[in-house]
1. Which residue, of ASP64, ASP95, ASP90, ASP42, is without any contact (Cβ under 8 Å) to a residue 24 or more places away in the chain, in the same structural domain as SER180 (by TED's automatic domain parsing) and not aromatic (Phe, Trp, Tyr)?
2. For LEU306, are the conditions met, namely being outside any loop (DSSP other than H, G, I, E, B) and not assigned by TED's automatic domain parsing to the domain that holds PHE430?
3. Need the failing condition index for ASP123 against (1) without any contact (Cβ under 8 Å) to a residue 24 or more places away in the chain; (2) within 27 Å of the chain's Cα centre (by Cα), just the number.
4. Check GLU106, GLU130 and return the single one that is in contact with a helix residue (DSSP H, G or I) (Cβ under 7 Å, 6 or more places away or on another chain) and either assigned to a loop (DSSP other than H, G, I, E, B) or at pLDDT 95 or above (or both).
5. Identify the residue in the range 75-88 that is of a type outside the set (D, E, K, R) and crowded, with 18+ Cβ neighbours inside 10 Å and, among all such residues, is nearest to GLY58 (Cα to Cα).
6. Here's a check for you: in the range 243-287, which residue that is under 24 Å from ARG177 (Cβ atoms) and in contact with a strand residue (DSSP E or B) (Cβ under 7 Å, 6 or more places away or on another chain) is modelled with the lowest pLDDT?
7. Just name the residue that is farthest from ILE416 (Cα to Cα) out of those in the range 57-88 that are of a type in the set (Gly, Ala, Ser) and more than 17 Å from the chain's Cα centre (by Cα).
8. Being polar (S, T, N, Q) and part of a strand (DSSP E or B) is the filter; apply it to the range 145-170 and report the residue that is modelled with the highest pLDDT.
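The values are calculated or read from the model by the stated rules, or taken from the named source; none is laboratory data. This one's a predicted model, so the numbers in the text were calculated from it and none came from an experiment. A quick note on method: Cβ atoms are made from the backbone with ideal geometry, for glycine too, and the neighbour counts reach across all protein chains shown.
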Amino acid sequence: MILKFSCRNFRSIREKQELSLVATKTRTDEKPEVLIKTPASDLQLLRCAALYGPNASGKSNVLDALASFGRFISDSWRVWKPNGPIPEYDPFWLDHTSRQSDTEFEITFLLDSEIFQYGFRFDRNRILEESLTNITGVNKILFHRSTESDSIRFPNKNLGKTADERRHLDSIERDVRPNSLFLSAAAQKAHPLLSSIYSRLSDDFKPIHLKNMQARQRYTASECTDAKFKARVVTLLRFADSGIVDMEVFQHEISDDERRKLRAIIMAMQEADSEKQLDRPIDEPDFPAVPEIRLAHRGEGGEKFLLAESQQSDGTQAFLAMLGPILDALDTGSVLLIDELETSLHPKLQRELVRIFNLPELNPKGAQFIFTTHNTNLLDLELLRRDQIWFTEKSAEGATRLFPLTDYKPRTNQNIEAAYLGGRFGAIPFLDDEFLKELLTTGDETQSSLEFPAENSK
């Protein structure tokens, strides 16, 4: 479970920005049922966080930073070329200093009743610093790595207490490359604690956005080969009033034409592997059958008719793509990331998704749901706590600022939606009528005196 995540110099995020899922202490007993209790009596966590802001303000980049952090841990030792650049390096590009500077990720998380802080800095070619600290009680640095000392330190033997454990750590250290994380290398050599942390952080983030919707559809289809999982998907589709009453899963055999196209793609990837920075050639797969879903609708005379996914509405396809990661997150207590929650989904269904994660009886393992949206109907203190609402806005130099609603100390009975749309919290677009005047008067100077009525005029 996440307590906090911060990043610096990643895409539009230039200065360090932090997202916190630690519940704010309030005078009132504000929706205590949505909080995740922890072994620390004074620490409770949030199940959901909603990010609002104008287009291009950096909302998506906050989620992308979390996803990039997870990929970095997963791929740095297993996949990337030993001497290649770091594919996840994507700095702020709107000033000459940042585009050459290092990037930093840091997370505070709960694992097996203990709280850890893990982070690293990197530039285009190497890891500059990496550290892991147990902060459950007194801070204990488990390891610290930096290019300044060109070594990895294990202070006070907090990690590696015995001679055998120390030899294990020495063996891992010898395998660490300049562009790979010590944590990732330790997992490949089955270090007990570091493997557990690696598994949690590399698998914890499940991003959904428009660019990977088809991949998520395939993932949901593959999970539906399990009868129990399929039954749960059908139940949620029926809950969404989609008209679907059942589902059948078929195995789609790859045709010869599809095989030829896939081979061509693999050859192109091998030729361009300098772009991908892969550590090994791509093996040609054996092209196994692909799960394919048919969805049953009730038609004339109560008869069931099977329709392909492509024959469903955009909303049904989007919801189906989300269901695999949603159920996976609920089953494992991991973190679901959805960019633009409102994409093709009815506002009531969006609201129910938030409610599913917020209610402990529906989310007993404490999965966390972080999403971006423009749907202001969700700015409802009957649905979300004040500390579950966050905003992003951009500076004049194009840098993202991330900040919580609680900075404004709103009342528990305040109409947050109206206040937000009225500009009370910022993070709304400034729509300048001068640009519309310019658009309408281009090439026709006679219309330059056109005046727009004030928004409040009748």
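1. After applying the criteria, what remains is ASP42.
2. yes
3. Just one mismatch for ASP123, condition (1).
4. Just one listed residue meets the conditions, GLU130.
5. Only one residue tops the list, namely PRO87.
6. Top of the filtered list is GLN277.
7. So, considering only residues that are of a type in the set (Gly, Ala, Ser) and more than 17 Å from the chain's Cα centre (by Cα), the one farthest from ILE416 (Cα to Cα) is GLY84.
8. By that ranking, first place goes to SER146.
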